[in-house]
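Peer 1: Okay, here's the structure, questions in a sec.
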Amino acid sequence: MKPRINARVGSLPGYPLAHIPRRKRELLAAGVDLIDLGAGDADFPPPAEAIEGLKAALGDPAMHKYGFQLGLPAFREAVVRYMRRRFDAEFDAMQDVLPLIGSKEGLAHFALAVAGPGDVVVVPEPGYQCYIGGAIVSGAEPYIYPLTPRTNFLVELGELPKDVLRRTRLVYLNYPNNPTAAVAPREYLERTVAFCREHGIALAYDNPYVEITFDGYRASGIFEVDGAREVALEFHSCSKSFSMTGWRIGWAVGNRALIDALTKIKSYHDTGPFLALQRAAVPVIDRAEELVKPLVASFQRRRDVAVAALREAGFDAPVPRATLYLWVPLPEGMVSAEFARIAMDDAGVIVMPGTGFGPSAEGYFRIALTVSEQRLREAAARLGKVLARA
Ligand SMILES: Cc1ncc(COP(=O)(O)O)c(C=O)c1O
C-alpha cells in the first residue's frame, strides 16, 4: 500500500516561482540572453559588515552550536535598539523578540500558533504565498481578500462577511506591499488595529520592505499605532534591505503571548538561525538606516528608468513609492500567464504573472528591480515587443 499524503498538501496552490529555475536553466543552456526580473532578489552584494562579521563569527567555536529559539542575546538586543530608533517602540529583548530563519518561516508558522480547523485566516491576494500556505497547513480556512485599485490595494476588514468575521483568528498584512507596491496610510493602520482589537484577531504585520521607500516617503511600523501591541506581531527581515536573501535571517517582535506561542511552535520545527549569522547581523541592524541608503538610491534610479522605459514600450506603469517591485497592468483581456510565458520563452525576460499570486490578480504582471538600469531598459523594450505582438 502506498503512503497516504495529507489532504492539506493537495490544497496548497502551486508555488508561483517553483517552475522558473528549471525553465531558466534550460533557456540559459540554449544560449538565451535571459533577464530575470522574477524573484525579489537584487544583484547587490550584502554590506561588508555582514561578510566580515560572518568571517569573524565562524572562528568562534561557540557560534557553531545549537542556537535554539533563544538564539544570540546580542541579536535580540540589536533588534530592540532598532525598534526603538526607528519606531520609538520599546520591547524586551528576551520576551518580545524571536529570531527567525528568514521571516517567511515565521509568517507561515504563525498561523499554526493562532489558527486551526474551523477558524479563518484572512489572506490578501495577490500576496506573499506563505500566508495561504501557513493558513492551509494549520487546517484553518483561508479567506481570500482581493487587493485591487477599488480599495487602493488595502485589506478592508470591515467588509468581511459576518460568518467569516466571527471565525477570523488571523490577518496577514504587508505594506509596503509585495507585489502591488501599495503603501498603507497611518489612518488605515489605526482603524485596522482598532478592528483587530475589537474582534480579537491576531495581526501579522509583514514589514520586510519598510526601509525601501522613495521620494522622501517613510513607511510605518505597526507599533507606531496605539494598541497594536495587544494584537500584533511585526515581521522583519535582513533579506531585502541589505541584499541578504540567502542568509535566512529575520525576526518577529511584538505581543508577548503571541511571541510565546510562535516560539513554542517553532521549537518543534527548527532550532533557530545559525548563531554566526545572528552575530554577523548585529552590526548590520545597528546601522540599518545608513546601510540601506545606497541600496534605496539604486532602487529609486532603477524604478525611474524602468517606469520610463515601460511607458515608452506601451505599458501603463505606475510609479511606486516603495518596494523593489513594479505592478504593471496589462491591456484589457490579456492573460497574464500567457504574457509571462511568451516574455520568457520568446523574449528572454522573466516576469511574474499576476495569476502566479492567485486568480484575482489577473490583468497584472510584476517586475522586480533586481538588475542594472541598462538591463531594465533592455527588458522593457523586449516586453514592449511582446505587447505589440499580442
Ligand atoms: C512580502 C514578503 N514577506 C516576507 C518575505 C520573506 O523574506 P525572508 O524570508 O527572506 O525574510 C518576502 C520575500 O520575498 C516578501 O516578499
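Quick note: the coordinates plus some simple rules give every number you see, no bench work behind them. Note that the coordinates shown come from a computational prediction; the quantities given were computed from them, not determined experimentally. A quick note on method: Cβ atoms are made from the backbone with ideal geometry, for glycine too, and the neighbour counts reach across all protein chains shown.
Peer 1: Mean residue ellipticity at 222 nm from the helices of the chain, using -39,500 (n - 2.57) per DSSP H segment of n ≥ 4 over the full residue count, to the nearest 500 deg cm²/dmol? Could you put the intermediate results ahead of the total?
Peer 2: On the way: 13 runs with 160 residues, N = 390.
Here the helix-only value at 222 nm equals -13000 deg cm²/dmol.
Peer 1: In addition: Which lysines, on any chain, are close to LYS24 with Cα under 24 Å apart, when same-chain ones fewer than 8 places away are left out?
Peer 2: Of all the lysines, those that pass the test against LYS24 - Cα under 24 Å, at least 8 places apart if same chain - are LYS104, LYS240, LYS385.
Peer 1: Which shape class, rounded, prolate or oblate, goes with the stretch 190-315 when its Cα gyration tensor gives a ≥ b ≥ c as root eigenvalues, a/c under 1.5 marks rounded, and past that a/b bigger than b/c marks prolate? Working shown, then result.
Peer 2: Details: a/c = 2.25, a/b = 1.37, b/c = 1.65.
Here the stretch 190-315 falls in the oblate category.
Peer 1: For the chain, treating each Cα as an identical point scatterer without solvent, what Debye log10 I(q)/I(0) comes out at q = 0.06, 0.09, 0.14 1/Å?
Peer 2: -0.23, -0.53, -1.29
Peer 1: Same structure, new question: Please state the relative contact order of the stretch 126-237 as a whole percent: Cα pairs under 8 Å, 6+ residues apart? Walk me through the numbers before you get to the answer.
Peer 2: Numbers: 135 pairs, mean separation 26.6, N = 112.
Once normalised by length, the contact order is 24 percent.
Peer 1: Using DSSP to define loop residues, name the trypsin sites (Lys or Arg not before Pro) in the stretch 153-246 whose beta-carbon has at most 13 other beta-carbon atoms within 10 Å. Kindly include the intermediate steps, with their values, before the conclusion.
Peer 2: Values: sites: LYS162, ARG166, ARG167, ARG169, ARG186, ARG191, ARG197, ARG218, ARG229, LYS240; in loops: ARG218, LYS240.
For trypsin sites (Lys or Arg not before Pro) across the stretch 153-246 that sit outside H, G, I, E and B with at most 13 neighbouring Cβ atoms in 10 Å, the list reads ARG218.
Peer 1: Also, quick follow-up: Give the percent of DSSP beta bridges with both residues in the chain that are antiparallel, rounded to the nearest 5. Show your work: numbers first, answer last.
Peer 2: Working: 17 of 36 bridges.
Within the chain, antiparallel bridges account for around 45 percent of the total.
Peer 1: If the convex hull of the alpha-carbon atoms of the stretch 1-68 is projected onto planes in all directions, what is the mean projected area in square nanometres? Working shown, then result.
Peer 2: Values: hull surface 41.5 nm².
Mean orientational projected area (the stretch 1-68, Cα hull): 10.4 nm².
Peer 1: Order of VAL335, VAL282 from fewest to most other C-beta atoms within 10 Å? Mind showing how you got there, number by number?
Peer 2: Values: VAL335 15, VAL282 21.
If I rank by nearby Cβ atoms, fewest first, I get VAL335, VAL282.
Peer 1: Using a/c under 1.5 as the rounded threshold, could you call the stretch 132-247 rounded, prolate or oblate? The axes a ≥ b ≥ c are square roots of the C-alpha gyration tensor eigenvalues, and prolate needs a/b larger than b/c, oblate otherwise.
Peer 2: On the way: a/c = 1.62, a/b = 1.38, b/c = 1.17.
It is prolate, given that a/c is not under 1.5 and a/b is the larger ratio.
Peer 1: Which number do you get for Rg(Cα) / (2.2 N^0.38 Å) in the stretch 247-349?
Peer 2: Numbers: Rg = 20.5 Å, N = 103, 2.2 N^0.38 = 12.8 Å.
Its radius of gyration relative to the 2.2 N^0.38 Å reference: 1.60.
Peer 1: Between ASP260 and ALA388, with labels modelled 7 Å along Cα→Cβ, what's the label distance in nm to one decimal, could you check?
Peer 2: Simple spin-label model gives 6.4 nm for this pair.
Peer 1: Just grab the label-to-label distance for ASP41 and ALA62, each label 7 Å out from Cα along the Cβ direction, in nm (one decimal).
Peer 2: My value for the distance between the label points is 3.4 nm.
Peer 1: For the stretch 29-114, state which chymotrypsin sites (Phe, Trp or Tyr not before Pro) are in a DSSP loop and have at most 14 other beta carbons lying within 10 Å of their beta carbon. Spell out each step's value before the answer.
Peer 2: Working: sites: TYR66, PHE68, PHE75, TYR82, PHE87, PHE91, PHE110; in loops: TYR66, PHE68, PHE91.
The qualifying sites are TYR66, PHE68.
Peer 1: Another question about this same structure. Could you tell me the distance between the Cα centroids of the stretch 114-168 and the stretch 31-90, to the nearest Å?
Peer 2: Computed from Cα coordinates, the inter-centre distance equals 30 Å.
Peer 1: While we're on this one: Length gain on complete extension for the stretch ARG167 to ARG22, per 0.36 nm per residue less the alpha carbon to alpha carbon distance?
Peer 2: Full extension from ARG167 to ARG22 adds 48.2 nm.
Peer 1: With no solvent and one equal point scatterer per Cα, compute the Debye intensity ratio I(q)/I(0) for the stretch 308-347 at 0.17, 0.18, 0.19, 0.24 Å⁻¹ and report its log10, rounded to two decimals.
Peer 2: For the requested q values the scattering log ratios are -0.55, -0.61, -0.67, -0.98.
Peer 1: To continue, here is another question. Let me make sure I get this right: for the stretch 164-230, a, b and c are the square roots of the gyration tensor eigenvalues over alpha carbons, sorted descending. Under 1.5 in a/c it's rounded, otherwise prolate if a/b > b/c, else oblate. Which is it?
Peer 2: Working: a/c = 2.51, a/b = 1.76, b/c = 1.43.
Taking the square roots of the gyration eigenvalues as a ≥ b ≥ c, the stretch 164-230 is prolate.
Peer 1: With the crude spin-label approximation of a point 7 Å out along Cα→Cβ, what separation in nm comes out for ILE51 versus GLU90?
Peer 2: 4.0
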